[in-house]
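Input: a single structure, listed below in structure tokens.
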Amino acid sequence: MNVFNFLSDAIALFFLWLFMRAALHKLHTSNAEYYKQLFSEYGISHGQLALALNYILGAFELVIAVALIFEATRTPAAMAAALLLSMYLIAMAIQLMKGKRDISCGCSGPNAHIKVSWPLIIRNGLLVPLVLTCTLQTAGFASSLWFAVLMTGAFLILTYSCVENLIANAQKISILRTH
């Protein structure tokens, strides 16, 4: 057992949380209109297609989340997660290159109020190689290390949440400075 095996398990727990959270936002029926509008801002204007895409992405994120916790499915799930995060990164980058900076990223549901920005692209760019570390051989959640794996996963969740709040607060401060 080496540190990379241990990290593979802890990072898988983090991405279980991240993708489960994203999936639940998309699959919650009260958020359907938000995501329909969001997809319209990203260029998918057909309402039924946007709604279907929302539920398909939510279901895909849910499958990725669950598959990450099982050793037999972790590698394909990590690759799918990296692909999906890369697609989100590219979609945001395209919007920024078009000059659209007032679009919600959709990362944390309708209540997050985080706009597409370069820091979000950098964050996703860092998440892609991080999720690929889940392709390393797992430690198998050894009973002697389960608590350490759990705490490391919790630390990653807290770090991610702090970074997300820093990005959101920086955007709010930027708006206040321009007014």
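The table that follows gives values for the structure above.
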quantity: Count - residues of region 77-118 that are in contact (Cβ under 8 Å) with a residue 60 or more places away in the chain, farther than 18 Å from PHE60 by Cα and not aliphatic (A, V, I, L, M); calculated: 2
quantity: Yes/no for LEU57 being at pLDDT 90 or above, over 15 Å from THR133 (Cβ atoms) and under 19 Å from the mean Cα position of the chain (by Cα); calculated: yes
quantity: Residue identified as surrounded by fewer than 20 Cβ atoms within 10 Å (Cβ to Cβ) and farther than 30 Å from ASN169 by Cα among ALA67, ALA112, ALA80, ALA93; calculated: ALA80
quantity: From LEU132, LEU136, LEU120, residue being within 13 Å of the chain's Cα centre (by Cα) and surrounded by 14 or more Cβ atoms within 10 Å (Cβ to Cβ); calculated: LEU120
quantity: Any chance GLU61 is under 19 Å from ASN5 (Cα atoms), among the charged types (D, E, K, R) and either touching a residue at least 40 places away in the same chain (Cβ under 8 Å) or surrounded by 14 or more Cβ atoms within 10 Å (Cβ to Cβ) (or both); calculated: no
quantity: Qualifying residue in region 118-136 (condition: modelled with pLDDT under 95 and either within 17 Å of ILE44 (Cα to Cα) or in contact with a His (Cβ under 8 Å, 6 or more places away or on another chain) (or both)); calculated: no
quantity: Subset of region 31-53 that is in a helix (DSSP H, G or I) and touching a residue at least 24 places away in the same chain (Cβ under 8 Å) - its residue that is farthest from ASP102 (Cα to Cα); calculated: ASN31
quantity: GLN171 touching a residue at least 24 places away in the same chain (Cβ under 8 Å) and surrounded by fewer than 14 Cβ atoms within 10 Å (Cβ to Cβ); calculated: no
quantity: Residue match in region 149-159 (condition: farther than 25 Å from ILE64 by Cα and of a type outside the set (Asp, Glu)); calculated: no
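The values are calculated or read from the model by the stated rules, or taken from the named source; none is laboratory data. Quantities reported herein were computed from a predicted structural model and do not represent experimental measurements. Note that each Cβ is placed from the backbone with ideal geometry, even for glycine, and that neighbours are counted across all protein chains shown.
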